[in-house]
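Below you'll find the structure, written out as structure tokens, and then a few comments.
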Amino acid sequence: MTKHAFSHVRHWVFDLDNTLYDPKVRLFDQIEVKMTQYMMENIGVDEAEAGRLRKQYWREHGTTLAGLMIHHQIDPDPFLDSVHDISFAQLEADKALVEHIAALPGKRIVYTNGTAPYARQVLEARGLAGLFDGVYGIENADYRPKPQREAFDLVFAKAGIDTETAAMFEDDPRNLAAPHAMGMRTVHVAPEALPADHIHHHTDDLTAFLEQLL
């Protein structure tokens with residue numbers, strides 16, 4: 001049944017963080033520490049307020065950066081360079097995932113609310129470098145974050161994605177609403193399922209899910 005639902009798919013779009021690696025790795029914990037530090041230094045708040053605003057902006061705007069740009073006129077590039085300067089030592093290559101992604105028919109891209117250079121470092125650490133036809137970050141969406149529809153429109157136009165023959169794999173359920181509205185198959189990759197009209201499938205194991213499709 002799952003395989004049949006993807007028989008028309010020729011464009012495969014993957015989120016990065018907590019999608020192409022297990023969230024148990026907790027890579028984003030490092031980024032959150034960097035974000036809090038950057039906010040303390042650049043908008044003049046203490047650690048507690050920086051942490052509160054970081055979460056609030058993520059909820060309200062899709063990313064912390066979006067909130068900082070709107071409310072504090074933060075320059076995105078120095079912020080992004082700072083928060084993505086982390087260790088990738090805990091990431092390991094996944095041979096089975098590599099094989100399954102390589103076997104997917106058609107175009108494969110990564111689209112993240114992080115930056116493309118950061119994404120390439122993650123892909124390298126996971127053994128996934130060279131598998132994708134394009135790697136797109138928030139800078140490729142003019143710093144508009146997922147879940148904004150405009151962000152998807154910009155990136156998909158640049159990547160040449162035909163949404164009627166595409167699927168999106170993503171850990172944040174908010175970021176699947178626009179792809180669903182655009183005609184894509186949507187897959188929520190997360191430890192727990194979240195029933196929603198804009199989510200077609202759920203998996204807590206991306207490698208096993210892709211194996212079903214092949």
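The values are calculated or read from the model by the stated rules, or taken from the named source; none is laboratory data. If you're wondering where the values come from, they're calculated on a predicted model, not measured in any experiment. Note: ideal-geometry Cβ built from the backbone for every residue, glycine included; neighbour counts use all protein chains shown. Just so you know, the surface numbers come from the protein's heavy atoms only, side chains and all, with ligands and any DNA or RNA stripped out. Shrake-Rupley method; radii C 1.70, N 1.55, O 1.52, S 1.80 Å.
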Worksheet entry | Within straight-line cross-link reach of K55, lysines at Cα separation under 25 Å, skipping those fewer than 8 residues along the same chain | K24, K34, K146
Worksheet item: What base-10 log of the normalised intensity I(q)/I(0) is obtained for region 109-183 from the Debye formula, alpha carbons as equal point scatterers, at q = 0.13, 0.15, 0.18 Å⁻¹?
Response: -0.36, -0.48, -0.69
Item to complete: Could you tell me the largest-minus-smallest coordinate of the C-alpha atoms of region 41-100 on each of the three principal axes, in descending order and whole angstroms?
Response: 45, 23, 22
Discussion item. Just to be sure I follow the definition: excluding the sites themselves, where is the longest run in the chain that has none of the GluC sites (Glu not before Pro) in a DSSP loop with at most 13 other Cβ atoms within 10 Å?
Written reply: 93-191
Worksheet entry | Of all accessible heavy-atom area on the chain, the percent that carbon and sulfur account for (1.4 Å) | 49
Discussion item. Against the 2.2 N^0.38 Å scaling, with N counting residues, where does region 90-214 land? I'd like the Cα-based Rg ratio to two decimal places.
Written reply: 1.01
Item to complete: For K95, go through the aspartates and glutamates and keep the ones whose alpha-carbon is under 17 Å away, minus same-chain ones fewer than eight residues off.
Response: D22, E124, D205, E211
Fill in: Per residue value of the accessible surface for region 158-214 (all protein chains in place, 1.4 Å probe), Å²
43
Fill in: Student exercise, region 39-160 dipole from Lys, Arg, Asp, Glu Cβ charges, in Debye to nearest 20
560
Worksheet entry | Inter-part distance where region 153-214 and region 68-137 are each reduced to a Cα centre, Å | 17
Practice prompt. Pick out which of M35, M182, M69 has the largest mean-square fluctuation in a Gaussian network model of the chain, springs linking Cα atoms closer than 10 Å.
Written response: M69
Discussion item. Bin width 5 Å, origin at 0, all Cα-Cα pairs of the chain: what percent of pairs per bin?
Written reply: 1, 7, 15, 20, 20, 17, 11, 5, 3, 1, 0
Worksheet item: Relative to the longest principal Cα axis of the chain, at what angle does helix 47-61 sit, 0 to 90 degrees, rounded to 10?
Response: 40
Fill in: Pair-distance profile P(r), taking every C-alpha pair of region 6-63, with 10 angstrom steps and integer %
19, 37, 25, 12, 6, 0
